[in-house]
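S.K.: Provided herewith is a single structure, encoded as structure tokens, for subsequent inquiry.
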Amino acid sequence: MKKQDPKDRIKNFNEVSLGMSEEEAIKEAGRCLFCKEPRCSANCPVEIEIPRFINAIKDKNFDKAIRIIKEKNNLPGVCGRVCPQENQCEGACILNSKGRPINIGALERFAADQELSNEKKAFSLSCPGPLDSARGKLRREKPRAGSQKVAIIGSGPSGLTCAGDLARLGYQVTLFEALHVAGGVLMYGIPEFRLPKTIVKKEIEYLRSLGVDIRTNFIVGKTSSMEEIFELGYKAVFVGTGAGLPRFMNIPGENLNRVYSSNELLTRVNLMKAYLFPEYDTPVNIGRKVAVVGGGNTTMDSARVSLRLGAEKVYVIYRRSEKEMPARREEIGNAKEEGVEFHILTLPKGIIGDEKGFVKGMECMKMKLGGLDSSGRRRPMAIEGSEFIMDVDTVVMAIGQRPNPVFLRATPVLKVDRGNKIVVDPETQVTNIEGVYAGGDATYGEDTVIAAMGAGKRAAIAIDGYLTGTKGGAG
Amino acid sequence: MFNILSNENIAPAIFRMKLEAPLIAGKAGPGQFLIIRIDDKGERIPLTIADHDERCVTIVYQVAGVTTHRLSEKKKGCYLADAVGPLGRATDIERVGNVCCIAGGVGIAEVYPVVKAHKSIGSHVLAILGAKNKKLIIFKSELEGLCDEIFITTDDGSLGEKGFVSGVLERLIDSPRHMDLVYAVGPAIMMKVIADITRPSNIKTLASLNTILVDGTGMCGSCRIDVGGDTKFVCVDGPEFDAHKVNFTELIARQGLFKKQEDHACRIRGILQ
């Protein structure tokens, strides 16, 4: 798949990956063996019937392809771009043994983009009818008038998926979002160059067309409590409040100016469009030499955003080796191509400030790898006497998030674990409270967009079972 | 969209806006704030809820940059794209006896709901209000009608005593005057000085902090501040903290993070600072 040249792309926020042409997509689809028992579908968290949609692309029936995807996935344009396909569908492809797997992600994106580029057709052709949750197949029925109300708290990947599936089952769904736009991490977290916001907006428009009512600027836990939501006549609630509380390292100097959480940097840039300042009013203050601490996808995003904001040098600081980095190989590769320098086996010890309270350096230690730790990775250990000062004027902490506290503090009846994650039944996503379900990063810590969507899907099926009386609701 | 019911210029560069926002108004407590965004290109800025009725909230702001300048140009009948809240924890209002509320600049409007709440449960409220000059002493009649005692200071002596709120506070403590609680809202340097004055006599002192923030829900950490060695988020843990534990030097430094960018934006838009 074609990409923007690294020399050019570090000067803009346009999408890096340019997608497949029609010709390329049909050719790639033609390589599929159409396995009888497809391992790709079995390894898709939302169980898209992958060979079927690939076959439709092969037949140049792109409308049919997107319809097949949307039977299971309400956000194909997003997933085609940000899913870690190498660990899922593509990782399971039988062709891996003979060389290159089918580029399923690119084909999914192609089908989604074909439809989005032809908006007029989009809604008429690809609004499947309600989903029969028991069988997982389409049941073409109109939403039932006077059907029951379900509230979704948070409009990130899990909430959007749960909302879409419930709307297709005929429920009256309201999505409550704290920010001024829907989309959650898809809007504030993932940068424009990896996931254009117009794609997210169009996919959310699709959910609206299914009848989902989206209420932005509404913080459940502040604007209204969960009890008040139930008092408004909602019969079930899905909590998808995400992992929006940044972690810091608790080292000296972390509150200096130009120390950002990755959340703050990315929110300013992605959600508030600080890269277009001063045309847009939200500023961001990035220096010449930026250290981004961490090894995940958010680390790579923060590093690549910093380059595009004009930083001369961007370093990724990671305490283990590259092998242990949780980021996708593709994203590590993209960052390296763009000139991000990797300082592995390096641990920040403290941040040094100038007299005005701005970062002027960071003290680090060199590490070495010891035996395996509880995560199965080799444990990093400090090398004594290896302290050194790194010449940086900006530090971004991209070392993970914890669940957002606003809703949880206002809802103490909800059972959480020691990490403040909501405790759920992994099959139904039901919490300790009857009628209340949860999923996504609010439940199991940080994971992928598609894993959160899978949870939203399971919750939608369970909520339908609960409200139709076919399955119990309390956990 | 949020309907602007009024936007009056109540003092030089200070405006009072009444916004129709029933969901926020219905929940607003003393000391809480909301976040507004003017339009699609706007930034999210926090503003303390100075007053509210069943359907509307009142915010008071000083023109200090691009957003507040743009806000000041909005007329009655215009709309704001977004308003969300109420955010932060509401002030704990318990009957403590003698409360001294100290406010500077637009902080005077922000202290109003706190004074009102303390009065509503029968505390004795003494207020010390300070500003550069007479014209900038806002909410004077509202607060005079509520407070048991009121002291006013101006830098130039055009109203009340010439000097700062800190001078009055020092004198009252020396007099000696019993105070159970001191509440301070205003410029960071004012709150720092007040904390320094009350610390030796161990008078419980709360400061309402005004940090930079983006989402207001604990997501970005822009508003973090060292309070007694722990990093706290003003948006979800505050905005009020034990003033004796707040690292005001850090607060003042962090407030200046975007000064260069903001000055640049003002210059190119021809907004005088």
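The values are calculated or read from the model by the stated rules, or taken from the named source; none is laboratory data. Predicted model, so just to flag it, every value in this text is computed and none were measured. In this analysis, Cβ positions are derived from the backbone assuming ideal geometry, glycine residues included, and neighbour counts consider all displayed protein chains. Accessible surface is based on the protein model in full, side chains and every heavy atom, while ligands, DNA and RNA are left aside. Shrake-Rupley method; radii C 1.70, N 1.55, O 1.52, S 1.80 Å.
S.K.: Within segment A:21-76, which residues are β-branched (V, I, T) and touching a Ser or Thr at 6+ places or on another chain (Cβ under 7 Å)?
M.R.: The first filter runs over segment A:21-76 and keeps only residues β-branched (V, I, T), leaving A:26, A:46, A:48, A:50, A:54, A:57, A:66, A:68-69.
Scanning segment A:21-76 gives A:I48, A:I50, A:I66.
S.K.: Now a separate question. Looking for something touching a residue at least 12 places away in the same chain (Cβ under 8 Å), among the aliphatic types (A, V, I, L, M) and within 14 Å of chain B (Cβ to nearest Cβ) - is there at least one such residue anywhere in segment A:166-177?
M.R.: The answer is no; no qualifying residue exists.
S.K.: Still on this structure: So, in segment A:287-303, of the ones that are surrounded by fewer than 24 Cβ atoms within 10 Å (Cβ to Cβ) and touching a strand residue (DSSP E or B) at 6+ places or on another chain (Cβ under 6 Å), which residue ends up nearest to B:I36 (Cα to Cα)?
M.R.: A:G287
S.K.: While we're on this one: Given the options B:T211, B:T153, B:T205, name the one that is of a type in the set (S, T, N, Q) and within 14 Å of chain A (Cβ to nearest Cβ).
M.R.: B:T211
S.K.: Hey, does segment B:187-200 have a residue that's open to solvent by less than 20 Å² (accessible area, probe 1.4 Å), part of a helix (DSSP H, G or I), within 14 Å of chain A (Cβ to nearest Cβ) and under 19 Å from B:L129 (Cα atoms)?
M.R.: yes
S.K.: What number goes with the only condition from (1) open to solvent by 10 Å² or more (accessible area, probe 1.4 Å); (2) away from chain A (no Cβ under 13 Å) that B:N247 does not pass?
M.R.: B:N247 satisfies every listed condition except (2).
S.K.: Please state which one of B:I24, B:I102, B:I38 is over 23 Å from B:V236 (Cβ atoms) and crowded, with 24+ Cβ neighbours inside 10 Å.
M.R.: B:I102 is the lone residue from the list that is over 23 Å from B:V236 (Cβ atoms) and crowded, with 24+ Cβ neighbours inside 10 Å.
S.K.: All but one of (1) surrounded by fewer than 18 Cβ atoms within 10 Å (Cβ to Cβ); (2) out of contact with any Lys or Arg (no Cβ under 8 Å at 6 or more places or on another chain) hold for A:N404; which doesn't?
M.R.: Going through (1) surrounded by fewer than 18 Cβ atoms within 10 Å (Cβ to Cβ); (2) out of contact with any Lys or Arg (no Cβ under 8 Å at 6 or more places or on another chain) one by one, A:N404 breaks only (1).
S.K.: Between A:L276, A:L271, which is within 23 Å of A:V16 (Cα to Cα), within 9 Å of chain B (Cβ to nearest Cβ) and surrounded by fewer than 19 Cβ atoms within 10 Å (Cβ to Cβ)?
M.R.: Result of the check over A:L276, A:L271: A:L276.
S.K.: Follow-up. Would you mind stating whether A:T443 is more than 21 Å from the chain's Cα centre (by Cα), buried (at least 21 other Cβ atoms within 10 Å of the Cβ) and at negative phi? Step through it out loud before you land on a result.
M.R.: On the way: more than 21 Å from the chain's Cα centre (by Cα): no; buried (at least 21 other Cβ atoms within 10 Å of the Cβ): yes; at negative phi: yes.
Considered against the rule, which asks whether it is more than 21 Å from the chain's Cα centre (by Cα), buried (at least 21 other Cβ atoms within 10 Å of the Cβ) and at negative phi, A:T443 comes out as no.
Residue-wise test of (1) assigned to a loop (DSSP other than H, G, I, E, B); (2) of a type outside the set (D, E); (3) open to solvent by less than 10 Å² (accessible area, probe 1.4 Å); (4) touching a Leu at 6+ places or on another chain (Cβ under 8 Å).
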position: A:L175; (1), (2), (3), (4): no, yes, yes, yes
position: A:L179; (1), (2), (3), (4): yes, yes, no, yes
position: A:G183; (1), (2), (3), (4): yes, yes, yes, yes
position: A:E192; (1), (2), (3), (4): yes, no, no, no
position: A:L195; (1), (2), (3), (4): yes, yes, yes, yes
position: A:I199; (1), (2), (3), (4): no, yes, no, yes
position: A:E203; (1), (2), (3), (4): no, no, yes, yes
position: A:R208; (1), (2), (3), (4): no, yes, no, no
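S.K.: Does B:V84 count as in a loop (DSSP other than H, G, I, E, B) and either among the hydrophobic types (A, V, I, L, M, F, W, C) or touching a helix residue (DSSP H, G or I) at 6+ places or on another chain (Cβ under 9 Å) (or both)? Give the derivation first.
M.R.: On the way: in a loop (DSSP other than H, G, I, E, B): no; either among the hydrophobic types (A, V, I, L, M, F, W, C) or touching a helix residue (DSSP H, G or I) at 6+ places or on another chain (Cβ under 9 Å) (or both): yes.
The answer is no for B:V84.
Condition check ((1) at pLDDT 95 or above; (2) open to solvent by less than 50 Å² (accessible area, probe 1.4 Å)) across all residues:
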site: B:E110; (1), (2): yes, yes
site: B:K135; (1), (2): yes, no
site: B:G145; (1), (2): no, no
site: B:F151; (1), (2): yes, yes
site: B:T154; (1), (2): yes, yes
site: B:L159; (1), (2): yes, yes
site: B:G167; (1), (2): yes, yes
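S.K.: Looking at A:P157, A:P191, A:P196, can you tell me which residue is within 18 Å of A:G456 (Cα to Cα) and either more than 14 Å from chain B (Cβ to nearest Cβ) or in contact (Cβ under 8 Å) with a residue 60 or more places away in the chain (or both)?
M.R.: From the options A:P157, A:P191, A:P196, the qualifying one is A:P157.
S.K.: Can you tell me which residue among A:I229, A:I251 is open to solvent by 10 Å² or more (accessible area, probe 1.4 Å) and in contact (Cβ under 8 Å) with a residue 40 or more places away in the chain?
M.R.: Only one candidate passes the filter, namely A:I251.
S.K.: Could you list, in sequence order, the residues of segment A:75-110 that are part of a helix (DSSP H, G or I), without any contact (Cβ under 8 Å) to a residue 60 or more places away in the chain and basic (K, R)?
M.R.: A:K98
S.K.: Being farther than 20 Å from A:I251 by Cβ, of a type outside the set (A, V, I, L, M, F, W, C) and more than 10 Å from every other protein chain (Cβ to nearest Cβ) is the filter here; which residues of segment A:279-305 pass it?
M.R.: Within segment A:279-305, A:R288, A:N297, A:D301, A:R304 meet the criteria.
S.K.: Go through segment A:304-330 and give me each residue that's surrounded by 19 or more Cβ atoms within 10 Å (Cβ to Cβ), in contact (Cβ under 8 Å) with a residue 40 or more places away in the chain and closer than 21 Å to A:N270 by Cα.
M.R.: A:R304, A:V305, A:S306, A:L307, A:R308, A:L309, A:A311, A:Y315, A:R328
S.K.: Quick one: which of B:G228, B:G221 is in contact with a helix residue (DSSP H, G or I) (Cβ under 8 Å, 6 or more places away or on another chain), on the phi > 0 side of the Ramachandran plot and not assigned by TED's automatic domain parsing to the domain that holds B:I49?
M.R.: Every option except B:G221 fails the conditions.
S.K.: Quick check on segment B:217-236: of everything there that is surrounded by fewer than 18 Cβ atoms within 10 Å (Cβ to Cβ) and part of a loop (DSSP other than H, G, I, E, B), which residue is nearest to the other protein chains (Cβ to nearest Cβ)?
M.R.: B:G229
Per-residue answers, yes or no, for (1) over 21 Å from the mean Cα position of the chain (by Cα); (2) aromatic (F, W, Y); (3) at pLDDT 95 or above; (4) on the phi > 0 side of the Ramachandran plot:
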| residue | (1), (2), (3), (4) |
| --- | --- |
| A:V395 | yes, no, yes, no |
| A:A398 | no, no, yes, no |
| A:Q401 | no, no, no, no |
| A:L414 | yes, no, yes, no |
| A:D425 | yes, no, yes, no |
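S.K.: Taking A:Y171, is it touching a helix residue (DSSP H, G or I) at 6+ places or on another chain (Cβ under 6 Å) and either of a type in the set (V, I, T) or at pLDDT 95 or above (or both)?
M.R.: The answer is no for A:Y171.
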